[in-house]
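Note sheet for the following structure.
The values are calculated or read from the model by the stated rules, or taken from the named source; none is laboratory data. Here the structure is a predicted model, which is why all the values come from computation and not from measurement. Here the Cβ is made from the backbone with ideal geometry for all residues, glycine too, and neighbour counts use every protein chain on show. Only protein heavy atoms, including side chains, enter the accessible area calculation; ligands, DNA and RNA are left aside. Shrake-Rupley method; radii C 1.70, N 1.55, O 1.52, S 1.80 Å.
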Amino acid sequence: SIIRLARGLRDEMQQFLNEYRFGMREVETKLEILRDDFEHQHSHNPIEHLSSRLKSMDSLLEKIQRRGVEPSFDAIRREITDIAGVRVTCSFVSDAYRLFELLIGQDDIGVIAVKDYIAQPKGNGYKSLHAIITVPVFLPRGKVRVPVEVQFRTIAMDFWASLEHKIYYKYDKQVPQELVDELSAAASTASDLDERMERLHRQIRGSENPPPPAPPMREIA
Ligand code: 0O2
């Protein structure tokens, strides 16, 4: 019957999204462990805020259709790499890079892609360090490797990005030029603030024990 068919589809969707939900939890736990150990060892919390979100089935279907791809679970899995997203907001740029290196250096983590919009900001001024990684999730039916997009940024970058996101949608993606210019100026003010805060942080820490250097970066294809 149609009801049985609908329930079957609903269960399949839930199972599909659950894998991503579990992958997201694994990544969050890894970051919480890094944060707690850092706090214990160095009395410094490198993470101001940790958040995560799962894309809804509706927005996945919309995204896949926008790309002109016939919707199916396989197509979504293949095409969309930010179904699960974790955002790590740090006080300092150096903490963002350090956490990124500590996470991607773990031997159960795979790296699919890295986009460093801190070193190379987007045209509008957007800054963040993005990594699409895979994390193993162990289920009764076996192990699955789940892709998770992790964004590392500072509080100032996050402040800017959330306002820009609001403006972008308020103007239905057609932002007037004067606002684009204002946003670009605000992005550079945010960068200046990050640099000043980092300098201050280094000065304060100069007399204390600095944390050990992060392990060398792994080769990224
Ligand atoms: P949400 O609601 O945050 O999830 P994609 O289109 O995602 O497949 P793309 O554009 O190559 O591929 O990915 P990229 O550049 O790594 O950006 C993905 C995510 O980064 C976005 O997800 C945003 O969260 C963030 N982002 C990227 N560019 C900007 C920007 O200019 N402004 C702001 N505010 N955020 C940005 P979503 O799905 O668009 O949004």
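Details
- Single residue of segment 146-167 satisfying the filter (exposed (fewer than 14 other Cβ atoms within 10 Å of the Cβ) and either under 24 Å from E28 (Cα atoms) or in contact (Cβ under 8 Å) with a residue 40 or more places away in the chain (or both)) that is nearest to the chain's Cα centre (by Cα): S162
- Among (1) within 11 Å of the ligand (Cβ to nearest atom); (2) open to solvent by 50 Å² or more (accessible area, probe 1.4 Å); (3) in contact (Cβ under 8 Å) with a residue 60 or more places away in the chain, the one test that K122 misses: (3)
- Within the option set E149, E208, being at pLDDT 95 or above and either on the phi < 0 side of the Ramachandran plot or more than 16 Å from the ligand (Cβ to nearest atom) (or both) holds for one residue only, E149.
- Test result for R218, modelled with pLDDT under 95, open to solvent by 30 Å² or more (accessible area, probe 1.4 Å) and either under 30 Å from A84 (Cβ atoms) or not β-branched (V, I, T) (or both): yes
- Taken over segment 168-201, residues that are within 13 Å of the ligand (Cβ to nearest atom) and either hydrophobic (A, V, I, L, M, F, W, C) or surrounded by fewer than 11 Cβ atoms within 10 Å (Cβ to Cβ) (or both) amount to 9.
- Pair list, Cβ < 6 Å and 6+ apart or interchain, from segment 1-24 residues that are in contact (Cβ under 8 Å) with a residue 60 or more places away in the chain and more than 25 Å from R145 (Cβ to Cβ) to residues that are charged (D, E, K, R) and in a helix (DSSP H, G or I): none
Matching residues to (1) acidic (D, E); (2) within 11 Å of the ligand (Cβ to nearest atom); (3) in a helix (DSSP H, G or I):
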site	(1), (2), (3)
R98	no, no, yes
Q106	no, no, no
A113	no, yes, no
V137	no, no, no
K143	no, no, no
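- Restricting segment 36-54 to residues that are in a helix (DSSP H, G or I) and touching a residue at least 24 places away in the same chain (Cβ under 8 Å) leaves a set whose member that is most open to solvent (accessible area, probe 1.4 Å) is Q41.
- Residues that are open to solvent by less than 90 Å² (accessible area, probe 1.4 Å) and near the ligand (Cβ under 10 Å from one of its atoms), drawn from segment 55-82: K55, S59, K63, E79, I80, T81, D82
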